[in-house]
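The values are calculated or read from the model by the stated rules, or taken from the named source; none is laboratory data. No experiment lies behind these values; they were computed from the predicted model shown. Positions of Cβ are backbone-derived with ideal geometry, glycine not excepted, and every protein chain shown enters the neighbour counts. Just the protein is used for accessible areas: all its heavy atoms, side chains included, with ligands, DNA and RNA removed. Shrake-Rupley method; radii C 1.70, N 1.55, O 1.52, S 1.80 Å.
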Amino acid sequence: MQIALLGTKKVGKSSILKVVFQKMSPNETLFIDSTSRIEEIKVENNPYTKYTFVDFPGSFEVSQINTQDRKILSKCAMIIYVLDAQDQPYNKPLEKFINIITEVHSFNPDCMFEMFIHKIDGDMFVTEDLKLEAQNGVSFLLKSDIQERKLPEPGYFLTSIYDLSIFEALSKILIKVSPQVNYIQNMLDNLMNYCRIDKVYLFDVINKLYIATDSTPVDLISYELCADMIDVVIDVSCIYGITGNDNMTSAFDRKSTSVIKLDSGLTLYLREIEHMLALVCLVKEDNFDRQNLIDYNIDIFKDGVKQIFQAHEKLLKSEENKT
Amino acid sequence: MEENDSNRKVLLMGKNGAGKTSMRSIIFANFLPKDTMRLGFTIAINESRIRFLGTLCLALWDCGGQDHFMQHYFESQRDTLFRSVQVLIYVFDIKSDDQRDMKYYKSCVEAIKEHSPTARIFVLIHKMDLIPLEKRSETYSKKEREVYQNSENLSVVCFATSIWDETLYLAWSKIVNYMIPNSEMLSQSLKKFCVACEADEVVLFEKSTFLVISSYSAKEHRDTHRFEKISNIIKLFKLSCSKAAARFKSMTVANSNFCAFIDEFTSSTYIMLVSSDSSVQPALTQMNIGIAKKHFEGIVKASTVSQ
């Protein structure tokens, strides 16, 4: 599964990839060099999800597209266009985006397009209203061109590397390109109902993106709490849970589990599902009294997830063999 | 001395910008390390009363380090400031070359020798994160030697610290523990508890600061800095919970090699119990913790009273 990041220079494409996938602190990204050639970042932390992010240099112009670029873009399931929200006016970068959609859609009609309205932090965007204003402004500017040229409508995300919004956005777009996740979402809805769980996420433990969640809306506060819980579990397991010279990936093993009780009556429950994959549930303390029941249902969910991904693998392999 | 016996006077001194207020804010006022960037300089002396372990009261005198304040401290305010001090904490910014720093330190030591000769001196060699990793040990040792040379033969304890890692928690745990009159009683009781629960180790943390009060380890562990790391980990998680308008009550973390319980214990402490024995039932351990709570309430209180 290939996803390309495009956008003008210094807009923050490489910083996004470094912060989310290479554990760079947001402050350090001020010092990284400009991307001069196409770079690929492969993400394969667990046996179920494999993605490659293709970071294009800011100097890339779709009007001067060469055969190699074309080849890469024709294999992409999605293109994320990153816009620097603090660099106004938006006309030139948006014009470039329209041209990219036009060109790529002609040779890769299945490709999806998403826009990250990025750097939506700092003094310019202190309130939610100001952020939404930026999003409305952008979609308005693009509307006429998209309708005229009959192009696919892009999705919009307000993002920043200084909080979890970029993680949430990437989680959502990865779900968009993975149709098999719909089945997992259904299973999570069932799990929620049978076990009276308030919210559940299937997390990639290494980058803290969620692979899947139930169909109730995601609120950043519960997402952040769960991500912090994973940090605690990994850190404590690295101290007490490894023998000899093992590293982090063995600290999180098949029997990894954690329960955190908050005074608000909320309980956080974490269970390992697969290598580097964790299920994190938010349950009311009263509903957590039948932990055995929840565990039993989670085990069934675990098997179900395995089957879905294995079936998906088979499907992909057979499609590859056909072509 | 006229000062109330349970009011322990702690002087926090050092040149301006050394990091005194930042440290104090992180340990006692629930600041995140990145929040300290918005602190301004301290004007004159900021005295805060800190309740520790329920009945222990610390009077923390955060003395602004600007030059004109420092002059006053050694001249007009000398006796009020340096009298009845139990602990002097002097903070050096490792990146500062200012010669006056060591002169001020020496003046502090002299004043303490004169007015509070029984006081203990702790020196924090701070902002170690700004020194490249490979140079840290050497730079620290050099500064430590210089401190000893200027300490007028008084016994001084030095620590390397940074607000960005667990070293801050180690230093402050040691400082605070020095002020608990009867911590030996606590560690003996913890030992009995640890053995009764068949645990690997038991650690007692103060409730709001999560500084380590006491511990007992039945088994050796390769990481000698693990307690302060846990302090740091839990403190950061506590702050994260407060964003969700909640506080954490208890936590268990386990994998196939271990099980750790962190639970509210007495009214002013949390306890952590770690076990690698999979035959010990978690429910039983939690029950044991529950039973021990009442017993320890009395022990913790007694440990804060001088004998």
Okay, strands (runs of 3 or more DSSP E) sitting entirely in the stretch B:187-295 with 2 or more residues that are more than 9 Å from every other protein chain (Cβ to nearest Cβ), I get B:201-206, B:212-217, B:259-264, B:269-275
Restricted to the stretch B:296-307 and to residues being assigned to a helix (DSSP H, G or I) and not hydrophobic (A, V, I, L, M, F, W, C), the residue least open to solvent (accessible area, probe 1.4 Å) is B:S303
Return a yes/no flag: does the stretch A:163-181 have any residue that is open to solvent by 50 Å² or more (accessible area, probe 1.4 Å) and within 13 Å of chain B (Cβ to nearest Cβ).
-> yes
Considering only the stretch A:11-33, state which residues are closer than 21 Å to A:L73 by Cβ and not in a helix (DSSP H, G or I).
-> A:V11, A:G12
By residue number, the members of the stretch B:229-254 that are open to solvent by 10 Å² or more (accessible area, probe 1.4 Å) and within 18 Å of B:V274 (Cα to Cα) are B:K229, B:N232, B:I233, B:K249, B:S250, B:T252, B:A254
Tell me, which residue of the stretch B:13-46 that is under 19 Å from B:F237 (Cα atoms) and of a type in the set (F, W, Y) is surrounded by the most Cβ atoms within 10 Å (Cβ to Cβ)?
-> B:F31
Where A:I206 falls short, out of the listed (1) under 21 Å from A:D231 (Cβ atoms); (2) out of contact with any helix residue (DSSP H, G or I) (no Cβ under 9 Å at 6 or more places or on another chain); (3) of a type in the set (V, I, T) | (2)
Would you please list the contacts, defined by Cβ atoms under 7 Å and residues six or more apart or on different chains, that run from a residue in the stretch A:1-28 that is under 30 Å from A:E319 (Cβ atoms) to a residue that is open to solvent by 40 Å² or more (accessible area, probe 1.4 Å)?
-> A:M1/A:K50; A:Q2/A:K75
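When residues of the stretch B:87-144 are filtered for being touching a residue at least 40 places away in the same chain (Cβ under 8 Å) and closer than 17 Å to B:Y73 by Cα, how many remain?
Residues meeting the conditions: 16.
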All conditions in (1) modelled with pLDDT under 90; (2) buried (at least 17 other Cβ atoms within 10 Å of the Cβ); (3) hydroxyl-bearing (S, T, Y) are true of A:S144 except (2)
Identity of the residue in the stretch A:189-207, within 14 Å of chain B (Cβ to nearest Cβ) and closer than 19 Å to A:N297 by Cα, that ends up surrounded by the fewest Cβ atoms within 10 Å (Cβ to Cβ) | A:D198
In the stretch A:249-306, residue farthest from the other protein chains (Cβ to nearest Cβ) [restricted to those that are within 18 Å of B:F237 (Cα to Cα) and among the β-branched types (V, I, T)] = A:V280
Subset of the stretch A:66-75 (residues that are within 21 Å of A:E95 (Cβ to Cβ) and open to solvent by less than 40 Å² (accessible area, probe 1.4 Å)) | A:D69, A:L73
Report whether or not A:S222 is assigned by the TED database to the domain that holds A:L202, part of a helix (DSSP H, G or I) and within 11 Å of B:N257 (Cα to Cα).
-> no
Taking only pairs six or more apart or across chains, which ones have beta-carbon atoms under 9 Å, a first residue in the stretch B:222-236 that is among the aromatic types (F, W, Y), and a second residue that is assigned to a helix (DSSP H, G or I)?
-> B:F227/B:Y169; B:F227/B:L170; B:F227/B:S173
Among (1) in a strand (DSSP E or B); (2) open to solvent by 10 Å² or more (accessible area, probe 1.4 Å), which single condition is A:Y269 missing?
-> (2)
Would you check if A:F140 is more than 17 Å from the chain's Cα centre (by Cα), in contact (Cβ under 8 Å) with a residue 40 or more places away in the chain, part of a helix (DSSP H, G or I) and assigned by the TED database to the domain that holds A:V43?
-> no
List the number of the failed condition for A:V305; all other conditions in (1) under 22 Å from the mean Cα position of the chain (by Cα); (2) outside any helix (DSSP H, G or I) hold.
-> (2)
Taking the stretch A:214-239, which residues are open to solvent by 10 Å² or more (accessible area, probe 1.4 Å) and away from chain B (no Cβ under 12 Å)?
-> A:S215, A:T216, A:P217, A:V218
Those residues of the stretch A:240-265 which are open to solvent by 40 Å² or more (accessible area, probe 1.4 Å), more than 17 Å from A:N45 (Cα to Cα) and outside any loop (DSSP other than H, G, I, E, B) amount to A:K261
Is one or more of the residues making up the stretch A:32-47 under 15 Å from the mean Cα position of the chain (by Cα) and either open to solvent by less than 20 Å² (accessible area, probe 1.4 Å) or of a type in the set (S, T, Y) (or both)?
-> yes
How many residues does the stretch B:264-284 contain that are in contact with a strand residue (DSSP E or B) (Cβ under 7 Å, 6 or more places away or on another chain) and modelled with pLDDT under 85?
-> 1
Residue tally, condition open to solvent by less than 10 Å² (accessible area, probe 1.4 Å) and polar (S, T, N, Q), over the stretch B:256-274 | 2
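So, A:Y210, is that one in contact with a Phe, Trp or Tyr (Cβ under 7 Å, 6 or more places away or on another chain) and either open to solvent by 10 Å² or more (accessible area, probe 1.4 Å) or farther than 18 Å from A:T49 by Cβ (or both) or not?
Judged against the criteria, A:Y210 is not a match.
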Residues that are closer than 16 Å to B:G17 by Cα: find the helices (runs of 4 or more DSSP H) completely inside the stretch B:76-167 holding 2 or more of those.
-> B:99-115
